[in-house]
1. Can you pull out the residues in region 296-325 that are part of a helix (DSSP H, G or I) and among the β-branched types (V, I, T)?
2. Within region 172-206, count every residue that is out of contact with any Leu (no Cβ under 8 Å at 6 or more places or on another chain) and open to solvent by 10 Å² or more (accessible area, probe 1.4 Å).
3. State the number of residues belonging to region 109-135 that are in a helix (DSSP H, G or I), within 19 Å of the chain's Cα centre (by Cα) and closer than 19 Å to L459 by Cβ.
4. Given the conditions (1) touching a Leu at 6+ places or on another chain (Cβ under 9 Å); (2) open to solvent by 10 Å² or more (accessible area, probe 1.4 Å), report the number of the one that E155 does not fulfil.
5. Consider L383 carefully, then state whether it is open to solvent by 50 Å² or more (accessible area, probe 1.4 Å) and either on the phi > 0 side of the Ramachandran plot or over 18 Å from the mean Cα position of the chain (by Cα) (or both).
6. Would you be able to say whether some residue in region 320-329 is of a type outside the set (V, I, T) and either under 20 Å from T193 (Cα atoms) or modelled with pLDDT of 95 or more (or both)?
7. With respect to I423, determine if the residue is over 20 Å from the mean Cα position of the chain (by Cα) and over 30 Å from G300 (Cβ atoms).
8. Pairs please, first residue from region 318-345 and at negative phi, second anywhere and part of a loop (DSSP other than H, G, I, E, B) and among the hydroxyl-bearing types (S, T, Y), Cβ atoms under 6 Å, 6+ apart in sequence or on different chains.
Amino acid sequence: MDERPETELISIPATPRGVSTPEIQTPSGQRSPRPPSKEAKSSTAWTPTSFISPRFLSPIGTPMKRVLVNMKGYLEEVGHLTKLNPQDAWLPITESRNGNAHYAAFHNLNAGVGFQALVLPVAFSFLGWSWGTLSLTIAYFWQLYTLWILVQLHEAVPGKRYNRYVELAQAAFGERLGVWLALFPTVYLSAGTATALILIGGETMKLFFQIVCGPLCSSNPLTTVEWYLVFTSLCIVLSQLPNLNSIAGLSLVGAVTAITYSTMVWVLSVSQPRPPTISYEPISLPSSSASVFAVLNALGIVAFAFRGHNLVLEIQATMPSTFKHPAHVPMWRGAKVAYFFIAMCLFPVAIGGFWAYGNLMPSGGILNALYGFHSHDIPRGLLAMCFLLVVFNCLSSFQIYSMPVFDSFEAGYTSRTNRPCSIWVRSGFRVFYGFINFFIGVALPFLSSLAGLLGGLTLPVTFAYPCFMWVLIKKPTKYSFNWYFHWILGWLGIAFSLAFSIGGVWSMVNSGLKLKFFKPPN
């Protein structure tokens with residue numbers, strides 16, 4: 001089945017003799033553009049300009065022919081036909097366009113829930129019941145609205161698809177300003193999350209080995225850094241899958257494992273007896289300024305729980321889109337299903353974890369608390385399975401968060417060479433990226449403790465930029481409710497980003513509120 005809609009036109013620039021053209025086979029075995037099959041030729045779908053053909057125009061006089069040709073150009077201009085960049089067929093995000101609502105649900109769920117959910121009870125220990133629940137609820141519906149904005153803006157301009165977050169930012173803010181505003185937070189979020197996943201996955205593999213092996217462990221077990229290397233090697237092997245659609249199965253595994261271990265963690269925590277000295281009062285710090293910054297850091301943790309908007313446009317770019325069947329319909333259908341399950345993971349973990357441990361919640365989150373308080377009360381096999389599910393989820397999440405970086409590497413290569421990446425070049429990029437993240441993680445092992453700071457720095461990508469993009473691209477009536485609403489929402493997001501970032505830095509430096517994921521307390 002042809003992955004590119006028949007109503008899409010690909011304008012291939014003329015190239016000098018000897019220079020490769022887009023009709024070269026891509027590393028995954030596809031061709032760009034793919035020639036129509038015999039069946040497609042025999043049963044071509046009707047388009048608004050399909051009747052305007054040379055055979056139809058030949059018996060018609062010149063004035064009528066000019067009118068029909070102009071009408072064809074108008075239909076193309078208003079978006080009945082989408083003109084694509086031929087380079088897109090060589091890049092991992094847009095190489096395959098056979099996605100659907102199921103793939104969208106898998107990818108969004110894999111990107112939207114993960115290790116960051118496990119530290120939400122830490123935020124509640126500083127915010128308390130009321131403010132914790134209120135902030136989590138507001139953040140959930142706020143990011144769900146900005147997700148809808150991004151889905152709608154994917155084809156906001158007729159005849160143009162914004163396949164990447166940076167492309168949409170350039171369309172809204174300008175070529176240079178868009179790159180400056182969007183490139184750093186999206187790359188920081190992708191690469192920072194990938195590095196944190198290596199640290200968390202390696203530490204979790206080490207704990208899984210200790211739980212399974214128990215007292216029978218050898219006298220010379222692997223060190224933590226060696227476990228990081230093992231996890232990185234597994235990530236690199238899985239990263240050889242060519243494009244975003246090809247990792248749909250991995251995203252399904254990541255989604256299922258995230259839902260499973262999130263449910264297991266809060267159910268096991270609630271089912272065990274609570275510590276006798278538990279309290280639900282927010283943790284009080286020596287000074288009022290310390291308390292304020294701790295609250296800001298906690299709100300940054302809540303904001304970081306809703307990462308993944310930097311992948312929305314990329315996921316939607318894997319779907320075919322025509323005037324009759326636009327891509328935003330299946331994308332939004334899949335996203336709604338995904339975020340229903342995300343809510344079913346985040347809210348029970350946050351509320352159930354805080355109910356089970358209160359202000360005794362260790363800085364590592366609910367899995368840390370479960371291991372520290374109830375490791376002797378829970379069957380070893382059940383606890384080991386929970387840790388193994390976390391490892392599988394980290395492996396799957398690494399793939400989808402790294403795909404935009406792989407896409408950037410290959411875009412630079414193809415733009416310079418005018419040919420797709422070979423299998424060896426593509427593999428080399430991914431091996432290089434995996435080991436760069438490994439070395440950064442070893443050199444800066446505290447990256448996994450930056451949940452509050454990561455949430456503050458990357459908050460504009462989720463909560464602020466989409467609101468500004470809506471105003472600048474859709475251009476609602478000036479001084480209308482729609483205009484005021486999006487400007488206020490966007491600037492609130494920028495203000496929260498600055499405040500949460502300051503709170504994250506201050507809390508780590510002065511208050512020692514470093515989040516050591518999955519490290520058992522003494």
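1. Going residue by residue through region 296-325, those that are part of a helix (DSSP H, G or I) are 296-304, 309-316.
Answer for region 296-325, where residues must be part of a helix (DSSP H, G or I) and among the β-branched types (V, I, T): I301, V302, V312, I315.
2. Adding up the residues that qualify gives 14.
3. Residues of region 109-135 that are in a helix (DSSP H, G or I), as a first pass: 109-112, 115-135.
Now narrow it down to the ones that are within 19 Å of the chain's Cα centre (by Cα): 109-112, 115-120.
When the remaining residues are screened for being closer than 19 Å to L459 by Cβ, the result is 111-112, 115-117, 119-120.
Residues in region 109-135 being in a helix (DSSP H, G or I), within 19 Å of the chain's Cα centre (by Cα) and closer than 19 Å to L459 by Cβ: 7 in total.
4. The single condition E155 does not satisfy is (1).
5. Numbers: open to solvent by 50 Å² or more (accessible area, probe 1.4 Å): no; either on the phi > 0 side of the Ramachandran plot or over 18 Å from the mean Cα position of the chain (by Cα) (or both): yes.
So L383 does not fit the description; no.
6. Here is the first cut: in region 320-329, the residues of a type outside the set (V, I, T) are 320-321, 323-328.
Okay, now just the ones that are also either under 20 Å from T193 (Cα atoms) or modelled with pLDDT of 95 or more (or both), so none.
Taking every residue of region 320-329 in turn, none turns out to be of a type outside the set (V, I, T) and either under 20 Å from T193 (Cα atoms) or modelled with pLDDT of 95 or more (or both).
7. Details: over 20 Å from the mean Cα position of the chain (by Cα): yes; over 30 Å from G300 (Cβ atoms): yes.
For I423, the condition - over 20 Å from the mean Cα position of the chain (by Cα) and over 30 Å from G300 (Cβ atoms) - is met.
8. Qualifying pairs under 6 Å: T322/T7; A327/S321.
The values are calculated or read from the model by the stated rules, or taken from the named source; none is laboratory data. Because the structure is a prediction, the values reported are computed rather than measured. A quick note on method: Cβ atoms are made from the backbone with ideal geometry, for glycine too, and the neighbour counts reach across all protein chains shown. Calculation scope for accessible area: heavy atoms of the full protein, side chains included, ligands and nucleic acids excluded. Shrake-Rupley method; radii C 1.70, N 1.55, O 1.52, S 1.80 Å.
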